[in-house]
Amino acid sequence: DAGVIQSPRHEVTEMGQEVTLRCKPISGHNSLFWYRQTMMRGLELLIYFNNNVPIDDSGMPEDRFSAKMPNASFSTLKIQPSEPRDSAVYFCASRTNRGGYGYTFGSGTRLTVV
Amino acid sequence: AQRVTQPEKLLSVFKGAPVELKCNYSYSGSPELFWYVQYSRQRLQLLLRHISRESIKGFTADLNKGETSFHLKKPFAQEEDSAMYYCALSGTSGGSNYKLTFGKGTLLTVNP
């Protein structure tokens, strides 16, 4: 298995533009998570899906952020419009619902909004 | 509520010295505990999970339910151990308990 695949690896965009981050979880994993990592705040859970259904989106900062999981093999995190304070590394992770196993993380998308 | 506390943001040791990264947790049931490591600008990687009681790269961690702790230890630190270490907790029933709650992380620096 290729692991959790995120694209793009790096994204530089201008303030006000729409940004879409993509994630392909490990096949067979039931849960998918989007995290944001910054120096100031550390790792923040943004949203979490279980069997493609959003379970907990309390970490989504504001309405500019939205996430979808149309099927078991694909998820997107969209920021519209983007702002400089959204600059961070965004990680996607997936896990099986069987107990005893942790997450597998993707390589992350480093977003810079100028 | 789930909570993970890593009291040290920074930890610096010399090569060959023992190292202990502290982790305390709060959870009303029986948790699953994990340690993740993140090398510079890379993805988080699973280092240890308490259920397997394994030793990875010389690191071990024992779950102490009485003290609600899951400290990470290594008897002789190596320079390549320098990284950010995150302790994480998961519940053991369905629904939102399957999410991992992370501590703030401890940045370990091993000096030559």
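The values are calculated or read from the model by the stated rules, or taken from the named source; none is laboratory data. Model, not experiment: these values are computed from the prediction. Cβ sites come from the backbone with ideal geometry, for glycine too, and all protein chains shown count toward neighbours.
Of note:
- Residues of the stretch A:40-56 that are more than 13 Å from the chain's Cα centre (by Cα) and more than 15 Å from B:Phe102 (Cβ to Cβ): A:Met40, A:Asn50, A:Asn51, A:Asn52, A:Val53, A:Ile55.
- Residue check for A:Arg36: closer than 16 Å to A:Leu111 by Cα, surrounded by 15 or more Cβ atoms within 10 Å (Cβ to Cβ) and within 14 Å of another protein chain (Cβ to nearest Cβ): yes
- Test: residue in the stretch B:19-33 that is in contact with a strand residue (DSSP E or B) (Cβ under 9 Å, 6 or more places away or on another chain), over 30 Å from A:His10 (Cβ atoms), at pLDDT 90 or above and not in a strand (DSSP E or B): yes
- Flag for A:Glu44 being out of contact with any His (no Cβ under 6 Å at 6 or more places or on another chain) and over 20 Å from A:Met60 (Cβ atoms): no
- Among residues of the stretch A:99-114, those that are surrounded by 16 or more Cβ atoms within 10 Å (Cβ to Cβ), more than 7 Å from chain B (Cβ to nearest Cβ) and not aliphatic (A, V, I, L, M), counted: 4
- Pick from the stretch A:67-98, criterion within 14 Å of chain B (Cβ to nearest Cβ) and in contact with a helix residue (DSSP H, G or I) (Cβ under 8 Å, 6 or more places away or on another chain), ranking: nearest to A:His10 (Cα to Cα): A:Arg95
- Positions within the stretch B:67-81 being of a type outside the set (D, E, K, R), part of a strand (DSSP E or B) and surrounded by fewer than 18 Cβ atoms within 10 Å (Cβ to Cβ), in sequence order: B:Ser69
- Filtering the stretch B:34-48 to residues that are surrounded by fewer than 20 Cβ atoms within 10 Å (Cβ to Cβ) and assigned to a strand (DSSP E or B) leaves B:Gln45, B:Leu46.
- For A:Glu62: the one exception among (1) touching a residue at least 24 places away in the same chain (Cβ under 8 Å); (2) more than 13 Å from the chain's Cα centre (by Cα): (1)
- The set of residues from the stretch A:1-31 being over 20 Å from A:Gln80 (Cα atoms) and either among the β-branched types (Val, Ile, Thr) or modelled with pLDDT under 95 (or both) comprises A:Asp1, A:Ala2, A:Gly3, A:Val4, A:Ile5, A:Ile26, A:Ser27, A:Gly28, A:His29, A:Asn30, A:Ser31.
- Residues of the stretch A:57-106 that turn out to be closer than 13 Å to A:Ile5 by Cα and part of a loop (DSSP other than H, G, I, E, B), as a count: 2
- Residue within the stretch B:31-49 that is of a type in the set (Phe, Trp, Tyr), within 14 Å of chain A (Cβ to nearest Cβ) and touching a Gly at 6+ places or on another chain (Cβ under 7 Å) present: yes
- Residue match in the stretch B:56-70 (condition: out of contact with any helix residue (DSSP H, G or I) (no Cβ under 7 Å at 6 or more places or on another chain) and within 14 Å of chain A (Cβ to nearest Cβ)): yes
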